[in-house]
Amino acid sequence: MNRRAFVQGAGLLGACSFFSQPSRAAAAGFPVVRPAVGLRRFRSRAVEAAIAEFNRQVPDAELGWLFGNCFPNTLDTTVTPGTYLGRPDTYVSTGDIDAMWLRDSSAQVWPYLTFIKQDAPLRQLVAGVIHRQTRCILQDPYANAFYQDSTKVGEWHADRTAMQPGVHERKWEIDSLCYPIRLAYHYWKTTGDEQPFDAQWRQAIALTVKTFQEQQRKTGPGPYHFQRATATATDTQPLGGYGYPVRPCGLIASAFRPSDDATLLPFLVPSNFFAVSSLRQAALMLNDIQHDGAAYQNLMALADEVAVALREHAIITHPVHGRVYAYEVDGYGGHALLDDANVPSLLSLPYLGAIPLNDPVYQNTRRLVLSADNPFFYKGKAGEGVGGPHVGQDMVWPISLVMRGLTSTDDAEIRACVQLLKTTHAGTGYMHESFHKDDPSQYTRPWFAWANTLFGEFLWKVYQERPALLG
């Protein structure tokens, strides 16, 4: 299935006879949409306990229903736990596309880190994700998505790049190598478990650094190029597949955005910020776990170089909002002022730990992103939020609404994000990739586990920190 496919929810909702739901939701008249216990791919006692607690304590029955559907969706429907060479191994599909994105799989299991100390099987499942991601990176650090079957030749095999069996898609995106580090670092900090971070993992980090340095393009465009025979401009790169030129300045070039859409200017600013924080996290792990001082210094030096380049090249003076971060730059002075819903986005940077929430340039940028000065900010009868070119104009992404809530300290704004997400699921009980700003029944991707689990993460955070907002 094409990641762009516009699929409505009839098939999912038509399977209701196979689903079950807590009696409170049924009593409130909400349809049964969560898979029945016997059909769930993994069951976490800690996650089920969190769902039960949320439903007991939160008086809004619809929010309880949504939380019970969305938060466990990754575990219910997308994970395949197993072993490989005697170690945990977990394949995580995105949902309606049977492929494992390094980005999506990391983000899908991220919210469960809160519970892994009290749930050993869940901890093993997350460790299995780390192991599989390590193998994927070693197979091809430029690929963004992989199959469970390492011998499978997929639908994009004709792309003009170095495709190989087991690779679903080979779109080079900086964040594909950052998300596994973020997951690994916080797994380690949460559990103290060093077992996943062996020589293979160390090789994957070394390959990550090598790839980042190649894509600084100091001595040329590097080995990666990508072209696809397509009528969609955002699915391919010009100039022989290398993209538009850049002036080397220390930033890392990314051929594609987290949306899997092509960059216009190759220095993608949010992903470079993410790379800085990820390199520093990996450096700390190599120093503390592997006792490799030389690797620590190498990674920290690269992180510092990118951070300096961001200060010098990523800040633009906007006539209304003042000093803001551009979305993309090229080192020549060219810049694109916009934001895209997919994470990393400019809006999401504090959530990723890549920038302080109180950074004044970020706050200016946030105001730009959430205004008509962002060409992909849409406001309509159903609500408002950030979209992007991936599915077309006027489509708001729930992920952007969650990010707005997670990066806000204002009760009214957080409550508004919760309520908007509650009123735009189109009766399905799940989040979607996007919905039309004037009509939530027009949506893309009825089964998008990242959006579901992320919404659950948002609700759980609000419940833990500001429960009155859920009343």
Exercise. Determine which member of the set ASP330, ASP410 is at pLDDT 95 or above and farther than 26 Å from PHE67 by Cβ.
Key: ASP330
Quiz item: Pick from segment 115-129 the residues that are surrounded by 19 or more Cβ atoms within 10 Å (Cβ to Cβ) and not charged (D, E, K, R): which of them is nearest to ASP104 (Cα to Cα)?
Solution: VAL129
Self-check item: Number of positions in segment 175-198 that are surrounded by 22 or more Cβ atoms within 10 Å (Cβ to Cβ), closer than 16 Å to VAL276 by Cα and aromatic (Phe, Trp, Tyr)
Solution: 1
Quiz item: Any idea which of ALA204, ALA184 is within 17 Å of the chain's Cα centre (by Cα) and either at pLDDT 95 or above or acidic (Asp, Glu) (or both)?
Solution: ALA184
Quiz prompt | Selection status of MET395, in contact (Cβ under 8 Å) with a residue 60 or more places away in the chain, of a type in the set (A, V, I, L, M, F, W, C) and crowded, with 16+ Cβ neighbours inside 10 Å | solution = no
Practice problem: Mind telling me which of the residues ASN298, ASN342 ends up being under 30 Å from ASP198 (Cβ atoms) and not aliphatic (A, V, I, L, M)? | Solution: ASN298
Practice problem: Tell me, please, whether a residue that is touching a helix residue (DSSP H, G or I) at 6+ places or on another chain (Cβ under 9 Å), assigned to a loop (DSSP other than H, G, I, E, B) and within 19 Å of GLU433 (Cβ to Cβ) can be found in segment 80-92. | Solution: no
Quiz prompt | Scope segment 252-291; condition without any contact (Cβ under 8 Å) to a residue 12 or more places away in the chain and either in contact with a helix residue (DSSP H, G or I) (Cβ under 6 Å, 6 or more places away or on another chain) or surrounded by 19 or more Cβ atoms within 10 Å (Cβ to Cβ) (or both); matching residues | solution = ASN287
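Give the residues of segment 143-202 that are in a loop (DSSP other than H, G, I, E, B) and among the basic types (Lys, Arg), sorted by residue number.
Once the filter is applied, which keeps residues that are in a loop (DSSP other than H, G, I, E, B) and among the basic types (Lys, Arg), segment 143-202 yields LYS152, ARG170, LYS171.
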Self-check item: Residues located in segment 401-430, provided they are hydroxyl-bearing (Ser, Thr, Tyr) and out of contact with any Phe, Trp or Tyr (no Cβ under 9 Å at 6 or more places or on another chain)
Solution: SER408, THR409, THR423
Quiz item: Looking at ARG132, is it outside the structural domain of HIS168 (by TED's automatic domain parsing) and surrounded by fewer than 21 Cβ atoms within 10 Å (Cβ to Cβ)?
Solution: no
Practice problem: Could you tell me whether any residue of segment 93-107 is buried (at least 20 other Cβ atoms within 10 Å of the Cβ), part of a helix (DSSP H, G or I) and among the charged types (D, E, K, R)? | Solution: yes
Practice problem: Give segment 441-471 a look and list any residue that's free of Cβ contacts under 8 Å to residues at least 60 places away in the same chain, of a type outside the set (Gly, Ala, Ser) and closer than 21 Å to THR407 by Cα, or say none. | Solution: PHE458, LYS461, VAL462, GLN464, GLU465, ARG466, LEU469
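Residues are listed down the side, and each one gets a yes or a no for (1) of a type in the set (S, T, N, Q); (2) assigned to a helix (DSSP H, G or I):
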residue: ASP260; (1), (2): no, no
residue: ASN272; (1), (2): yes, yes
residue: LEU279; (1), (2): no, yes
residue: MET300; (1), (2): no, yes
residue: ALA303; (1), (2): no, yes
residue: ASP339; (1), (2): no, no
residue: LEU349; (1), (2): no, no
Quiz item: Can ALA336 be described as in the same structural domain as TYR185 (by TED's automatic domain parsing), in contact (Cβ under 8 Å) with a residue 24 or more places away in the chain and touching an Asp or Glu at 6+ places or on another chain (Cβ under 7 Å)?
Solution: yes
Practice problem: Determine which member of the set GLN227, GLN216, GLN200, GLN195 is of a type in the set (S, T, N, Q) and either within 30 Å of ASP96 (Cβ to Cβ) or touching a Gly at 6+ places or on another chain (Cβ under 6 Å) (or both). | Solution: GLN227
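The values are calculated or read from the model by the stated rules, or taken from the named source; none is laboratory data. Predicted, not measured: the structure shown is a model, and the values here were computed from it. Counting neighbours? That spans all protein chains shown, and the Cβs are built from the backbone with ideal geometry, glycine included.
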